[in-house]
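Peer 1: Starting off with a structure, shown below.
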Amino acid sequence: MADLTTIPETLTRQTSSGRLVPAGSIAGLCIAATIAGPYLLDAYTVNILVRSFLYAAAALTVDVLWGYTGILTFGQAAFFGIGAYAAGITFTYMDFSPQTAVLALVAGLVASAVVAGITGWISFFHGASPLYAAIVTLALPIIFVQVLYSGGTFTGSSSGLVGYNTFDLSVEAWFTICGIGLVLLTTATWFFVNSDFGRVLVAIRENEQRCTYLGINAPRVKILLMVVMAMIASVAGYAYAGYTVVVAPEIGSFVFGTELVMWVALGGRGTLIGPVLGTIAIDVTSAYLSGNLPYVWKLIIGSIFVLVIVVLPQGIVPVLKSGLRRLWSAATGRDAVPGVAVPALSEAPEARRAGAGSDAAALAVADLARSYGSLKVLEGVTFKALGSELLGIIGPNGAGKTTLMRCLSDGYERTGGTVAMFGRMIARTPPQGVVGFGIGRSFQTTSLFETLTVAECLRLARYRLNKTRMLSHAPTLALPASARHVITATGIDRQLAIECRHLSHGMKRALELAMVLALEPSVLLLDEPTAGLTKSERTLIGSILVDLVQREGLCTLIIEHDLDFVREISTRIIVLHQGKILLDGSVAEVVGSELVRTIYAGAAQQRPAP
Amino acid sequence: MTALVLDIITTAAILFAVASGLLIILGVLKIVNFAHGGFLTIGGYSGLVVTQLGWNAWLAYPVAAVAGILLGAVIERFIIRPLYDRPLDAILATWGLGIIIGQLITIVFGREIQFVQAPITGATTVIGETYSLYRLFLIAAAAMVAGGIAALMNATRLGLEARAVIMNEQLARGLGINSGHVRFVTFCIGAGLASLAGALITPLSSVDPNMGVPWLVNAFMLVLVSSVSLVSLATAALTLGGAQVLVSTFISPVIGGLTIVVLAALLLRIRPAGFGNG
């Protein structure tokens, strides 16, 4: 393996070591500022800032969903509106009292959670495109506003509800409460997105498919996240209604939903602080400017927005941040980026592998078929594989090898036949469920998480088996012996703090193999694990595989083009040709077969080699 | 009954005309043009300018189409091109463009609702039912738009190249097709079609700087359930537009306004290919 011994400092990324102190002191300073604010600022600014704080809280939820998890959502406006209307309607028809205040808050939380759950269930399913979630969340505020219009006098229709009784608080008190609330929310969210679980969110954004094949139920994570974010937005809306004493359809509208996204984009998606500061800055400025220059101001914001999306897709805050960092290192001669705290590797307790002690075949495939319309890619594929078997699958390009892997690892892929593991049918189970049956799959083209570190990638693979921390990093990373063997043999254990995109091709392949092994699978599906590797790397991977199969009794299916390699490591070979099994036999049988040579080398007999 | 059927057909025709520009841009460029609403608005105001200048009302259509094409050319070059590889960002950037167009129009024309003169006025009798001539004309207009696109796609070299880019852009590029050029021309045509559609729909109601937004949402939904096929788009416009007319007539116009959005979202959930054959 190529050895990356000199790692530039800039490649590493900041993590948890001593996060509590700086984060706490920054939060403390911000809280002090929100207490001092009313004494330092004029009444108008204080008044506007309360609203900006609440918008910023809503923008923060958009950032978690979109910036970190990659769900482009226009729907947070609707949840903000639900919270606001819960307060407006309750206070209008039941008058304000401490009891109704609690009732309204709970009603808003429950309603937004239910709506978010339904929205999430509609938006996120196995195979949904990211665009689809954007469509559904776009429809949500449109429907919400129409519901308000249909509400007639009850919801106040297009003019909304005004002048109900509300909390008896001064503007200064609102300022302090909302300010402190925003600081606490931002801090808590910061810990959340920087935790081990936060890495799962980024992983879903980067490569959702890979996540599901690591047993991470990405749709469920997204739905739960959407529910929680909806509840936070609804609290912000509730405070908005309590503070402004007016609720109108605009605050739950599609236009407000897009504005939230714009503020997040301008501030810097995936930075938390960017969206918060961006929202406050833009909202305060527009409060000052829109009186004098209403249309021109919106024109300016629109133009800046387009410019930022095209030229600075990361937003303004990251640019400022890297500028400041450069200034800091120029001034002090030190690098402003602290080194990464790498988790210590430890031995994972031997988990009971799926199917352990079962008498049934590890993998039993019967009459498997996959067709796209009239095109039959696989047809009548039937075979069994046992533990301790290393089954080589060969065949020319287009024979259906990779399709076979897909059908084995995703219950929705096949169009006919059955797949059973240790006697249990995989039925129509999405990949994250099939992982639970004991399957681990690697991909033909390396499929990793580019911006995550090696350690983070390995931890993702342990998501299914180990608890993932929601607010912090675990100090250790427990891996099964096989995965540890792969990473130590290939030298990746010394690269744990490196982001995956900086690894060499060979190391990426090895890391992917280690991740699959970290799943503790009983059946291993490897799609050309040595493609593009050097001879020595290939030999290393081959010996690791043989060792695994012999020592741990793994059932391994391996797709390979290199016949010599397959011959060396396999215990049995299946030849696929035009979607059907042509031969299934011992290595000697298959390699000696005239038929195989004909298919593999094309029409070799008729056209002798030059 | 006749009126209801005619309502359904004309609504479908309008929806088809409005969505076609969005469809061809999504097909070739693989990005959702949220500035589509802005282009519709441009078309509407082109009609207004023609009316205010006292020109022949028929001139509104060529003026709108040319305005759309020119603006599309500028936008493609400077905004769309850098975003080819970032489809979700393209949605946002084009939405921002829509805001810019809306604000510029507000500054130039004011934000009030204004009316545009129709080239055809009056009504005619269809099977014993008096019906607006202009709405009937829109059926012909939509058919012409469909015929124009079909001819362009099937009978010209550009159409052939565009179809190649739709199917496999990498391969098309490898075969020496200048996919950048195909994208550019397609975006211009899509923008021109959107603007033309804007001019076609304004005589039915009125123009205001935000007139495009409600149309954008419906057009977007229709295009998504059509999986980049004109035939599917026609089916979708007829089915979902028909449902909209029925719901508006028999239940409530407010719910009617949501019909397309809700039905399309549900349809995509059950059948991701929508009306296409996926």
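Peer 1: In the set A:ILE142, A:ILE180, which member is at pLDDT 90 or above and not small (Gly, Ala, Ser)?
Peer 2: A:ILE180
Peer 1: Confirm whether A:ARG220 is basic (Lys, Arg), buried (at least 20 other Cβ atoms within 10 Å of the Cβ) and closer than 30 Å to A:VAL434 by Cβ.
Peer 2: No, not satisfied.
Peer 1: Across segment A:260-283, what is the total count of residues that are under 27 Å from the mean Cα position of the chain (by Cα) and without any contact (Cβ under 8 Å) to a residue 24 or more places away in the chain?
Peer 2: Number of matching residues: 0.
Peer 1: Considering only segment A:172-193, I want to know if a residue exists there that is assigned by TED's automatic domain parsing to the domain that holds A:THR61 and in a loop (DSSP other than H, G, I, E, B).
Peer 2: no
Peer 1: List pairs: first residue in segment A:407-430 and more than 10 Å from A:ARG370 (Cα to Cα), second residue assigned to a strand (DSSP E or B) and charged (D, E, K, R) anywhere in the structure, Cβ distance under 8 angstrom, at least six positions apart or on different chains.
Peer 2: Hits for this filter: A:LEU408/A:ARG441; A:SER409/A:ARG441; A:THR418/A:ASP367.
Peer 1: For residues that are surrounded by fewer than 17 Cβ atoms within 10 Å (Cβ to Cβ) and more than 10 Å from chain B (Cβ to nearest Cβ), scanning just segment A:99-123, find the one that is farthest from A:TYR243 (Cα to Cα).
Peer 2: So, considering only residues that are surrounded by fewer than 17 Cβ atoms within 10 Å (Cβ to Cβ) and more than 10 Å from chain B (Cβ to nearest Cβ), the one farthest from A:TYR243 (Cα to Cα) is A:ILE118.
Peer 1: Same structure again: Hey, could you check segment B:262-278 for residues that are in a loop (DSSP other than H, G, I, E, B) and closer than 25 Å to B:GLY190 by Cα and say which is farthest from the other protein chains (Cβ to nearest Cβ)? Quick ask: steps written out before the conclusion?
Peer 2: First, pick out the residues of segment B:262-278 that are in a loop (DSSP other than H, G, I, E, B): B:271-278.
This time we only want the ones that are closer than 25 Å to B:GLY190 by Cα, so: B:272-278.
Working: B:PRO272: 7, B:ALA273: 11, B:GLY274: 11, B:PHE275: 15, B:GLY276: 12, B:ASN277: 8, B:GLY278: 9 Å.
The residue in question is B:PHE275.
Peer 1: Now, a different point. Kindly provide the set of residues from segment A:271-319 that are outside any helix (DSSP H, G or I) and within 13 Å of chain B (Cβ to nearest Cβ), ordered by number. Spell out the reasoning first.
Peer 2: Kept after step one, since they are outside any helix (DSSP H, G or I), are these residues of segment A:271-319: A:271-272, A:290-293, A:312-315.
The answer is A:SER290, A:LEU293, A:LEU312, A:PRO313, A:GLN314, A:GLY315.
Peer 1: Could you please let me know if B:LEU97 is modelled with pLDDT under 90, of a type in the set (A, V, I, L, M) and buried (at least 20 other Cβ atoms within 10 Å of the Cβ)? Step through it out loud before you land on a result.
Peer 2: Numbers: modelled with pLDDT under 90: no; of a type in the set (A, V, I, L, M): yes; buried (at least 20 other Cβ atoms within 10 Å of the Cβ): yes.
Taking the combined requirement at face value, the residue does not satisfy it.
Peer 1: Continuing with this model, one more query. For segment B:119-136, enumerate the residues that are outside any strand (DSSP E or B), of a type in the set (A, V, I, L, M) and touching a Leu at 6+ places or on another chain (Cβ under 8 Å).
Peer 2: Within segment B:119-136, B:ILE120, B:LEU136 meet the criteria.
Peer 1: Does segment A:491-540 hold any residues that are under 22 Å from A:VAL434 (Cα atoms) and touching an Asp or Glu at 6+ places or on another chain (Cβ under 7 Å), and which are they?
Peer 2: The one that is under 22 Å from A:VAL434 (Cα atoms) and touching an Asp or Glu at 6+ places or on another chain (Cβ under 7 Å): A:GLU528.
Peer 1: If you don't mind, there's one more thing I want to ask. Just to be sure I understand the filter: pairs with C-beta atoms under 9 Å, separated by 6 or more residues or on different chains, first member in segment A:474-485 and under 16 Å from A:ARG199 (Cα atoms), second member in a strand (DSSP E or B) and at pLDDT below 85. Which pairs pass?
Peer 2: A:PRO475/A:ALA344; A:THR476/A:ALA344; A:THR476/A:LEU345; A:THR476/A:SER346; A:LEU477/A:ALA344; A:LEU477/A:LEU345; A:LEU477/A:SER346
Peer 1: Same structure, new question: Those residues that are at the interface with chain B (Cβ under 10 Å from one of its Cβ atoms), touching a residue at least 40 places away in the same chain (Cβ under 8 Å) and either of a type in the set (Asp, Glu) or not in a helix (DSSP H, G or I) (or both), I need them from segment A:124-163; list them, please.
Peer 2: A:PHE125, A:GLY127, A:ALA128
Peer 1: Of all residues in segment A:36-59 being surrounded by fewer than 20 Cβ atoms within 10 Å (Cβ to Cβ) and among the hydroxyl-bearing types (Ser, Thr, Tyr), which is farthest from A:TYR238 (Cα to Cα)?
Peer 2: A:TYR39
Peer 1: A follow-up question, please. What tally of residues in segment B:221-254 results from selecting those that are hydrophobic (A, V, I, L, M, F, W, C), assigned to a helix (DSSP H, G or I) and surrounded by 24 or more Cβ atoms within 10 Å (Cβ to Cβ)?
Peer 2: Summing the residues that are hydrophobic (A, V, I, L, M, F, W, C), assigned to a helix (DSSP H, G or I) and surrounded by 24 or more Cβ atoms within 10 Å (Cβ to Cβ) in segment B:221-254 gives 8.
Peer 1: Of the residues B:THR249, B:THR259, B:THR239, which is within 14 Å of another protein chain (Cβ to nearest Cβ), touching a residue at least 12 places away in the same chain (Cβ under 8 Å) and of a type in the set (Ser, Thr, Tyr)?
Peer 2: B:THR259
Peer 1: Evaluate the following for B:ILE100: is it touching a Pro at 6+ places or on another chain (Cβ under 7 Å), assigned to a helix (DSSP H, G or I) and either in contact (Cβ under 8 Å) with a residue 40 or more places away in the chain or polar (S, T, N, Q) (or both)?
Peer 2: So B:ILE100 does not fit the description; no.
Peer 1: Taking segment B:72-122, which residues are away from chain A (no Cβ under 14 Å) and not polar (S, T, N, Q)? If you could, list the steps in order and put the result at the bottom.
Peer 2: Step one: of segment B:72-122, the residues away from chain A (no Cβ under 14 Å) are B:72-73, B:113-122.
Those that are away from chain A (no Cβ under 14 Å) and not polar (S, T, N, Q): B:GLY72, B:ALA73, B:ILE113, B:PHE115, B:VAL116, B:ALA118, B:PRO119, B:ILE120, B:GLY122.
Peer 1: While we're here: Taking segment A:555-565 only, how many residues are surrounded by fewer than 22 Cβ atoms within 10 Å (Cβ to Cβ) and not charged (D, E, K, R)?
Peer 2: The initial filter retains those residues of segment A:555-565 that are surrounded by fewer than 22 Cβ atoms within 10 Å (Cβ to Cβ), namely A:561-565.
Still in the list and also not charged (D, E, K, R): A:561, A:563, A:565.
Total satisfying the criteria: 3.
Peer 1: Hey, another quick one. Within segment B:77-91, can you find the residues that are among the hydrophobic types (A, V, I, L, M, F, W, C) and in contact (Cβ under 8 Å) with a residue 24 or more places away in the chain?
Peer 2: Matches in segment B:77-91: B:ILE80, B:LEU83, B:ALA90, B:ILE91.
Peer 1: Looking at segment A:510-519, can you tell me whether even one residue there is without any contact (Cβ under 8 Å) to a residue 60 or more places away in the chain, more than 27 Å from the chain's Cα centre (by Cα) and in the same structural domain as A:GLU450 (by TED's automatic domain parsing)?
Peer 2: no
Peer 1: Could you list, in sequence order, all residues of segment A:484-499 that are more than 13 Å from A:LEU545 (Cβ to Cβ) and of a type in the set (A, V, I, L, M, F, W, C)?
Peer 2: The answer is A:ILE487, A:ILE492, A:LEU496, A:ALA497, A:ILE498.
Peer 1: May I pose another question? Assigned to a loop (DSSP other than H, G, I, E, B), more than 14 Å from chain B (Cβ to nearest Cβ) and either over 30 Å from the mean Cα position of the chain (by Cα) or of a type in the set (Phe, Trp, Tyr) (or both), is that true of A:PHE96?
Peer 2: Answer is yes for this residue.
Peer 1: Tally the residues that are surrounded by 21 or more Cβ atoms within 10 Å (Cβ to Cβ) and modelled with pLDDT of 80 or more, restricting the search to segment B:260-274.
Peer 2: Summing the residues that are surrounded by 21 or more Cβ atoms within 10 Å (Cβ to Cβ) and modelled with pLDDT of 80 or more in segment B:260-274 gives 5.
Peer 1: Tell me which of these B:SER179 doesn't satisfy, since it passes every other one: (1) away from every other protein chain (no Cβ under 14 Å); (2) modelled with pLDDT of 85 or more.
Peer 2: (2)
The values are calculated or read from the model by the stated rules, or taken from the named source; none is laboratory data. Worth saying up front: this structure is predicted, and the values here are computed from it rather than measured. Ideal geometry is used to build each Cβ from the backbone, glycine not excepted, and the neighbour counts take in all protein chains shown.
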